[in-house]
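In what follows, a structure is listed as structure tokens, so that the remarks can point back to it.
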């Protein structure tokens, strides 16, 4: 400490001078979280009609199987509506979307998307494809193709490649 300094009136006395030899290590900042380290969002799968495929999707992609009921207070509030691609299924999906649009869904639920599960192998007939376009004009739609193994009850394989966007959404990657 230097003692030969003069202190001016009204100024605080200077403190000790500390000298460090060598490089000073700066505190390490934590690395930014990587996108792959993010915890996937949890979803509640809600069927718009019986046989929509909710249990299968919940088993394959994870999340909560609500069947045809709204999620309860302990369930994830993020909802994925599920419907088959036949005429009755698409009509049920549109009706469920209308429930959300009118604000009649239970308070606190967040409608994230509609998941359409193929009701048969192959392309949709034009009238059904047009109904799908109507749904897509309102909300994000994820399509799941016909999976023969699922029909036989084998859910052990990887999700179908055609539904890769749904796998990314739910955190179920290959």
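Each value in this text was obtained by applying a stated rule to the coordinates, not by laboratory testing. Please read these numbers as outputs of a predicted model, since none were measured by experiment. Heads up, the Cβs are rebuilt from the backbone with ideal geometry, glycines too, and the neighbour counts pull from every protein chain shown.
In what sequence do 138, 147 fall when counting other Cβ within 10 Å, fewest first?
Ranked by crowding around the Cβ, least crowded first: 138, 147.
What FRET efficiency, computed as 1/(1 + (r/R0)^6) with R0 = 25 Å and r the Cβ-Cβ distance, is obtained for residue 102 and residue 165, rounded to the nearest 0.05?
Efficiency, from the Cβ-Cβ distance: 0.35.
So how far apart, in nm, are the two label points at residue 88 and residue 154 if each is 7 Å from Cα heading toward Cβ?
2.9
Run the quick spin-label model on residue 137 and residue 120: label points 7 Å from Cα toward the beta carbon, then report their separation in nm to one decimal.
2.6
For the residues 119, 110, 154, what sequence is obtained by ranking on other C-beta atoms within 10 Å, fewest first?
154, 110, 119
Checking the a/c ratio against 1.5 first, then a/b against b/c, what shape does the Cα gyration tensor give for the stretch 41-170?
In terms of gyration-tensor shape, oblate.
By counting other Cβ atoms within 10 Å of each Cβ, how are 101, 161, 143 ranked from fewest to most?
Listing 101, 161, 143 from fewest to most nearby Cβ atoms yields 161, 101, 143.
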